[in-house]
Amino acid sequence: MIEAHSLTKRYGERTAVDDLSFTVRPGVVTGFLGPNGAGKSTTMRMLLGLDAPTAGRAAVNGRSYAEHRAPLHEVGAMLEARSVHTGRSAYHHLLALAATTGISKRRVNEVIDLVGLGSVARKRAGGFSLGMGQRLGIAGALLGDPATVILDEPGNGLDPEGILWIRNLLKGLAAEGRTVLVSSHLMSEMALTAEHLIVIGRGRLIADTSVAEFVAQAAGDVVRVRTDEADRLCSLLAGPDVAVTALEAGVLHVTGLSSDRIGRIAAEHGVVLAELTPQQASLEEAFMELTRDAVEFQAPAARLVEAGGKGLAA
Ligand SMILES: Nc1ncnc2c1ncn2[C@@H]1O[C@H](COP(=O)(O)OP(=O)(O)OP(=O)(O)O)[C@@H](O)[C@H]1O
């Protein structure tokens, strides 16, 4: 179990993490999401005692990291996959790590097999690909057979097979009753891996919810409508809380009205609909929607136009 209580970290004027509280429970994979610069890495470093909070406190399995007598057995982490002595082999890197906490050679060989590095374990880690480096980082995190695992972007640099492997690994670790907190930018992957999400933006908590609820909350009542009379339908749907976006010719995305209501309005006015589909947002869309105000660097977004307003956004 991981607990953050009002965690705050300031760097001079900049507040990287702002009064952040959450609990990560064992048994499910929890995704840790947020736009670039949201404070994910800073939070993870504070959970691991690598950064001191300006205020608040963090606990892993009931105690702060520093209070654990054998921290590698409590929490395994991979923050930067490349924090490896590049001249050492994967085997010797792990052996050196193991030696500091009395972990056996047998366990070193076990984790090497677990992450699929058996054939290259005696090679210099400096020559490893990004994906192999990630596997080595994960091996290091699992060395102490920890009850809690914290991984920052573990899928980085992995090919599709590697991504599938990490998904199954994380789910397996959670199924064994471990606490698994994992950050990622790969939303589609997170949707398949995580059951629960903690989403932050500008250092603050945006959501602490299940993946299903997160998506449902963001999806709102978007309905996809296809018709040859898009402009006319747009005027007919006009209302104070209704927004219509034209994504392509003849296709409208409507929010603020149910598909039932849209269908009735169209029928009343003889507008023929070729499609009327309530939309399920992807995790990516839900994430973009809920963190829109929290991103640091923003590209111009697609324009939304009130139905019946000055026209449709292209
Ligand atoms: N050592 C530091 N000194 C000053 N500012 C820092 C330091 N570390 C992080 N920051 C700032 O704190 C904020 C949060 O950074 P952090 O790396 O935790 O975000 P992140 O969510 O992990 O981002 P990314 O997804 O890009 O990795 C950023 O604005 C960053 O510039």
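The values are calculated or read from the model by the stated rules, or taken from the named source; none is laboratory data. Treat the numbers as computed from the prediction; the structure is a model and nothing was measured. All Cβ positions, even for glycine, are placed from backbone atoms using ideal geometry, and neighbour counts span all protein chains on display.
Structure notes:
- The set of residues in the stretch 115-130 that are buried (at least 17 other Cβ atoms within 10 Å of the Cβ) and part of a helix (DSSP H, G or I) comprises Val120, Ala125.
- Considering the conditions (1) hydrophobic (A, V, I, L, M, F, W, C); (2) within 9 Å of the ligand (Cβ to nearest atom); (3) not in a loop (DSSP other than H, G, I, E, B), Leu72 is excluded by exactly one of them, (2).
- Matching residues in the stretch 241-255 - criterion: being surrounded by 17 or more Cβ atoms within 10 Å (Cβ to Cβ), small (Gly, Ala, Ser) and free of Cβ contacts under 8 Å to residues at least 40 places away in the same chain: none
Residues are listed down the side, and each one gets a yes or a no for (1) of a type in the set (Lys, Arg); (2) surrounded by fewer than 23 Cβ atoms within 10 Å (Cβ to Cβ); (3) touching a Pro at 6+ places or on another chain (Cβ under 7 Å):
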| residue | (1), (2), (3) |
| --- | --- |
| Phe32 | no, no, no |
| Asn36 | no, yes, no |
| Val60 | no, no, no |
| Pro71 | no, yes, no |
| Gly76 | no, no, yes |
| Leu79 | no, yes, no |
| Ala90 | no, no, no |
| Ser104 | no, yes, no |
| Arg107 | yes, yes, no |
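- Selection of helices (runs of 4 or more DSSP H) fully inside the stretch 142-229 by the criterion of at least 1 residues being assigned by TED's automatic domain parsing to the domain that holds Val29 and within 27 Å of Gly256 (Cα to Cα) returns 187-193, 211-219.
- Within the stretch 43-52, none of the residues are in the same structural domain as Ile198 (by TED's automatic domain parsing), modelled with pLDDT of 95 or more, acidic (Asp, Glu) and under 21 Å from Arg202 (Cβ atoms).
- Flag if Gly87 is within 30 Å of Ala121 (Cβ to Cβ), more than 13 Å from the ligand (Cβ to nearest atom) and either touching a strand residue (DSSP E or B) at 6+ places or on another chain (Cβ under 7 Å) or assigned by TED's automatic domain parsing to the domain that holds Glu285 (or both): yes
- Looking across the stretch 265-279 at every residue that is surrounded by fewer than 16 Cβ atoms within 10 Å (Cβ to Cβ) and either under 13 Å from His253 (Cβ atoms) or among the charged types (D, E, K, R) (or both), the one that is modelled with the lowest pLDDT is identified as Pro278.
- So Thr43, is it within 11 Å of the ligand (Cβ to nearest atom), on the phi < 0 side of the Ramachandran plot and either surrounded by fewer than 14 Cβ atoms within 10 Å (Cβ to Cβ) or β-branched (Val, Ile, Thr) (or both): yes
- First in the stretch 33-46 and closer than 11 Å to Lys9 by Cα and in a loop (DSSP other than H, G, I, E, B), second anywhere and within 6 Å of the ligand (Cβ to nearest atom) and not aromatic (Phe, Trp, Tyr), Cβ under 9 Å, 6 or more apart: Gly39/Ala16
- Residue pairs meeting the criteria (Cβ under 7 Å; at least 6 apart or on separate chains; first more than 18 Å from Thr209 (Cβ to Cβ) and at pLDDT 95 or above, in the stretch 4-29; second among the acidic types (Asp, Glu) and in a strand (DSSP E or B)): Ser6/Asp19; Thr8/Asp18; Thr8/Asp19
- Being farther than 30 Å from Arg124 by Cα, near the ligand (Cβ under 10 Å from one of its atoms) and at pLDDT below 95 is a property that Leu79 lacks.
Let's see how each residue does on (1) away from the ligand (no atom under 16 Å from the Cβ); (2) aliphatic (A, V, I, L, M):
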residue	(1), (2)
Arg14	no, no
Gly34	no, no
Ala52	no, yes
Arg57	yes, no
Gly62	yes, no
Tyr65	yes, no
Ile103	yes, yes
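One line per residue, one yes/no per condition, for (1) more than 23 Å from Ile206 (Cβ to Cβ); (2) among the aliphatic types (A, V, I, L, M):
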| site | (1), (2) |
| --- | --- |
| Gly239 | yes, no |
| Leu257 | yes, yes |
| Val271 | yes, yes |
| Gln279 | no, no |
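- Residue under evaluation Ala55, criteria (1) under 30 Å from Ile206 (Cα atoms); (2) crowded, with 18+ Cβ neighbours inside 10 Å, criterion not met: (2)
- Candidates are the residues of the stretch 16-30 that are within 12 Å of the ligand (Cβ to nearest atom) and buried (at least 23 other Cβ atoms within 10 Å of the Cβ); the one that is nearest to Gly177 (Cα to Cα) is Leu20.
- Selection of first residues in the stretch 122-133 that are assigned by TED's automatic domain parsing to the domain that holds Val111 and of second residues that are in a strand (DSSP E or B) and surrounded by 13 or more Cβ atoms within 10 Å (Cβ to Cβ), restricted to Cβ pairs under 8 Å at least 6 apart or on distinct chains, gives the following pairs, ordered by first then second residue: Arg122/Ser89; Lys123/Ser89; Arg124/Ser89; Ala125/Ser89.
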